[in-house]
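The values are calculated or read from the model by the stated rules, or taken from the named source; none is laboratory data. Here the structure is a predicted model, which is why all the values come from computation and not from measurement. With ideal geometry, Cβ positions are generated from the backbone for all residues, glycine too; neighbour counts draw on all protein chains shown. Heads up: the accessible areas ignore ligands, DNA and RNA and are worked out on the full protein's heavy atoms, side chains in. Shrake-Rupley method; radii C 1.70, N 1.55, O 1.52, S 1.80 Å.
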Amino acid sequence: MIIGAGFAGLYMLHSLREQGLTARVYDTADNVGGVWYWNRYPGAHCDSEAVYYGFTFSEELYKGWTWSKRYAPQPEILDYLNYVADTLDLRKDIKFNTRVNTAEFDEEKNIWRIETSNGSVVTAKYFISGVGCLSSSNVPNIKGLNDFKGEWYHTGRWPHTKVDFTGKRVGVIGTGSSGMQLIPEVAKTADHLTVFQRTPQYTTPAGNRPLDKEYIDELKANVQQLRKDMLSSPTGQPFKRAPLSVLDDTPEAQDKKFEEAWEKGLPFFPLYNDILTNEKSNEIVAEFVRKKIGEVVKDQETARKLMPNYYFGTKRPVRDSYYYETFNRENVSLVDVKYEEPIQEITENGVRTKKGEYELDMIIFATGYDAMTGSLIKFDLIGKDGITLKEKWENGASVSTYLGIAHAGFPNFFTITGPESPSVITNVPTAIEQHVEWISNCIQYMEDNEIDAIEADSEAEKGWSAHCREMAESTLYVKTESWYTGANIEGKPRGFLIYVGGLNNYKKICDEVAENSYKGFSIKTSTKTIV
């Protein structure tokens, strides 16, 4: 039993079927796609390069698809996932329009009993979450939303029909990655766009462009090497980080590298090895981007509001297409709601801040998700002794996992790219492949050895969580409030729930656990329990 028909659920289903097991996927949508099914807002793109943002486990699958652009737009990614489902004949084992309401582990029979929204009860030996870290949309609790007479939308639950901005006064609340992709598109046709910004963001140009056929053909001819390079890299992409500090270069050499990256749409992180660990190095990069904002944005007061003052890269890095340039348009204005004009309420006619009311025909919430844990605790997941995962994690205050995959008290339950795995700071499809293959091998080991249940040991779980915290605290990530830490959700406990040691090192750790007869797990057969 698998939840979610996105990248994770599709590959998990295929992998288990290849092992000769019966498996079924449940998804609330009416088609495959996961987050890419729901995120249909104008301008939605992936921020990993398209040629790496797909499956490499199958040469046939990789060679049978050709991306059109360097960074794929949402419709193309959704088409790709439909191509995967059709090529692998997966739809026959997917139940759409179905939500999991409750999943409870039966300790006597060692099975999961799952109740769904259509009233059915399903039993399964293995229960696997493929819902990912970004599937629980967050609409902020702002007074008066129900009184608003205009249209309102959330980027994470965008309508399947066209939303027309033409001639309308539109307000966008939120300037994370979805807001920064959406805002330039809305500005093209809206009568006026008001951007309500809580925290300014660092972004660098994507340099999106059509892909050369020769480049694609070369990748397809060497897909096995590409897969190897991706799985053995920290980021799940075949980029190598230069072995030097920002401080090792002269200011002139730093500027030359940054300028070239900016002009060509290249990522900054491979240029140096300490951007996310050294405060002085980080500030040099941050100041370069702030300087660029001042050069691009003509109105210097607006430019000032757009300049971040936290560590570069410690919120999700964004690759944009003309985001800063959009604020040079006469029909776009920026409102600082953190310091200058906090939002007080939504009225019948728009948004009222501390300084006055902005009349709007449409409000768009680009306020992201209850990330990392939200999708796992929004239904009743009940383990041993009747304890729910939400209770175990004390509603997010004390999250702990083993490898980000398994959970003490929840036998035979696995999470793909769950909290305390590399997840969202890697190329997610590569991380998904590593997770799915590890889980598949674990299940095969259980089947081969007639094992009834496998469960993370609580001490191993504590050790892994401590290791994750120690790794995170060696970086600048923990010094910035972001959705990585839960800061975008009012009242949510703060915690950095991502393994930052790199996908390559994480894979080695997971492989060693498996090679040592699943060290850190309790294994139960019909006759005995092995720790």
Computed magnitude of the charge dipole of the chain (debye, nearest 20; Cβ of K, R +1, Cβ of D, E -1): 580
Given a Förster distance of 35 Å, report the FRET efficiency between V139 and N331 from their Cβ-Cβ distance, rounded to the nearest 0.05. 0.85
Compute the accessible area per residue over region 38-162, keeping the other protein chains in place, probe 1.4 Å, unit Å². 46
Run the simple label-point estimate for K69 and R469 please: 7 Å along Cα→C-beta, distance reported in nm. 4.3
Mind ranking H435, H467 by accessible surface for me, highest first, 1.4 Å probe? H467, H435
Angle in degrees between helix 177-189 and the longest Cα principal axis of the chain, rounded to the nearest 10: 40
With both bridge residues required to lie in the chain, what share of the DSSP beta bridges run antiparallel, to the nearest 5%? 45
In the full protein assembly as shown, how much of D79 is accessible to a 1.4 Å probe, in Å² to the nearest 10? 90
Over the chain, what percent of the accessible surface lies on carbon and sulfur atoms, probe 1.4 Å? 46
Determine the calculated [θ] at 222 nm for the chain from helices alone, applying -39500 (n - 2.57) to every DSSP H run no shorter than 4 residues and normalising by the residue count; nearest 500 deg cm²/dmol. -9500 deg cm²/dmol
Using a cut-off of 17 Å between alpha-carbon atoms, which aspartates and glutamates can reach K508, once sequence neighbours fewer than 8 places away in the same chain are excluded? D229, E420, E433, E437
For region 75-158, what number of Lys pairs, 8 or more residues apart or on separate chains, have alpha-carbon atoms under 29 Å from each other? 5
Per 10 angstrom bin, beginning at 0 and ending with the bin that holds the maximum distance, the Cα pairs of region 222-290 fall in percents of 19, 46, 25, 10, 0
Between the residues P342, G9, I451, the Cα farthest towards the positive end of the dipole of the chain, that dipole coming from +1 and -1 charges on the beta-carbon of Lys, Arg, Asp and Glu, is from P342
Length gained when the stretch N101-Y339 is fully extended (0.36 nm per residue, less Cα-Cα span): 81.6 nm
Sequence of E470, E49 from largest to smallest accessible area, 1.4 Å probe: E470, E49
Positive end of the dipole of the chain, charges at C-beta (+1 Lys, Arg; -1 Asp, Glu), about the Cα centre: which of L244, F148, F196 has its Cα farthest in that direction? F148
Expressed in angstrom and rounded, the centroid-to-centroid distance over alpha carbons for region 342-362 and region 101-133 is 44
Given all pairs of different Cα atoms, what value in angstroms does the Kirkwood hydrodynamic radius of the chain take? 24.3
Candidate aspartates and glutamates - alpha carbon under 14 Å from K390, same-chain residues fewer than 8 apart omitted: E104, D370, D380
Test item: Cα-centred dipole of region 148-233, Lys/Arg +1 and Asp/Glu -1 on Cβ, debye: 340
In degrees from 0 to 90, rounded to the nearest 10, what is the angle of the helix 251-264 Cα long axis to the longest principal axis of the chain? 80
HN-Hα couplings for region 88-103 via Karplus (6.51, -1.76, 1.60; θ = phi - 60°), in whole Hz with x for Gly/Pro, come out as 8, 6, 8, 4, 5, 10, 10, 9, 8, 6, 9, 9, 7, 8, 9, 9
What residues qualify as long-range amide H neighbours of I94, i.e. H under 5 Å apart, gap of 5 or more or another chain, H built at 1.01 Å from N? V25
Along the Cα-to-Cβ line of K213, 7 Å from the Cα, sits a label point; which residues in region 63-80 have backbone N less than 15 Å from it? 66-68
Return the loop-located GluC sites (Glu not before Pro) in region 92-175 (DSSP other than H, G, I, E, B) with at most 10 other Cβ atoms within 10 Å of their own Cβ; answer none if there are none. E108
Go through region 107-185 and name the trypsin sites (Lys or Arg not before Pro) that are in a DSSP coil and have 13 or fewer other Cβ atoms within 10 Å of their Cβ. K109, K143, K149, K162
Could you please state, rounded to a whole Å, how far the C-alpha centre of region 1-45 is from the C-alpha centre of region 218-265? 31
For region 10-108, which trypsin sites (Lys or Arg not before Pro) pass both filters: DSSP loop (anything but H, G, I, E, B) and at most 12 other C-beta atoms within 10 Å? none
